[in-house]
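Following: one structure in structure tokens, then a few remarks.
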Amino acid sequence: IEGGFIYPNDGAAFFKVQFRVVVFRPYVGEVIVGTLKSCSREGLKVSVDFFDDIIVPEHALQEPSFYNEAEKLWVWKFDDNDMFMDLGEEIRLKVRQVRFPPPPTPAQMAAATAAAAANGNEPVLGKAGKPFE
């Protein structure tokens, strides 16, 4: 950050900055290595350290897989062996679809700001990964 500048009749401080942006956008067909964070009947939730919102739905798991209610884990049946997908284990997954939520509209941003102000909170829109929550 370099020295700030205040324009006449504006009152706001302007700074020249340099920064780097890291964008995570895997391509369809890419194989990603992640860590299994949670399991449910709906599927798996996987983390790649800097991003925790990777969902593997149950229909996309390798065949034959089933959910073990007692262990609360998914199990892959391979050569008559039960291969449990344990939490914290490193797994590989192939990207089939990339979907990002749409950016908030000005009306959504105004509503979120008004709701925060009504609750006595700072007008913050939430976490970057889950705005409005």
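The values are calculated or read from the model by the stated rules, or taken from the named source; none is laboratory data. Small disclaimer: the values here were computed from a predicted structure and weren't measured. So basically every Cβ, Gly included, is an ideal-geometry build from the backbone, and we count neighbours across all protein chains shown. The protein model used for the area step is the full one, side chains on, heavy atoms only, and it has no ligands, DNA or RNA in it. Shrake-Rupley method; radii C 1.70, N 1.55, O 1.52, S 1.80 Å.
Give me a comma-separated list of calculated 3J(HN,Hα) values for the range 70-80, in order, Karplus coefficients 6.51, -1.76, 1.60 applied at θ = phi - 60°, integers in Hz, x for any Gly or Pro.
Listing the rounded values in order: 5, 8, 6, 9, 7, 10, 9, 8, 10, 6, 6 Hz.
Probe radius 1.4 Å, ligands and nucleic acids ignored: give me the carbon and sulfur share of the accessible area of the range 30-95 as a rounded percent.
After summing per-atom areas, the C and S share lands at 50 percent.
Within the chain, how many Lys pairs that are eight or more residues apart, or on different chains, come under 21 Å at the alpha-carbon?
For the chain, the number of qualifying lysine pairs is 12.
Computed FRET efficiency, Cβ-Cβ of Lys16 and Ile91, R0 35 Å: what is it to the nearest 0.05?
Efficiency, rounded to the nearest 0.05: 0.20.
Nearest 0.05, what FRET efficiency do Ser40 and Ala111 give at R0 = 25 Å with Cβ-Cβ as r?
The formula returns an efficiency of 0.20 here.
With all pairs of different alpha carbon atoms counted, what Kirkwood hydrodynamic radius in Å does the chain show?
Working: mean 1/r = 0.0526 Å⁻¹.
Averaging 1/r across every pair of different Cα atoms and inverting gives 19.0 Å.
Each residue of the range 31-46 in turn: what ³J(HN,Hα) in whole Hz from Karplus with 6.51, -1.76, 1.60 and θ = phi - 60°, glycine and Pro shown as x?
Residue by residue, the range 31-46 yields 9, 10, 9, x, 10, 6, 9, 7, 10, 8, 4, 6, x, 10, 10, 10 Hz.
Summing -39500 (n - 2.57) over the DSSP H runs of n ≥ 4 in the chain and dividing by its residue number, what mean residue ellipticity at 222 nm do you reach, to the nearest 500 deg cm²/dmol? Each step should come with its number before you reach the end.
Working: 1 runs with 13 residues, N = 133.
So the helix-based figure for the chain works out to -3000 deg cm²/dmol.
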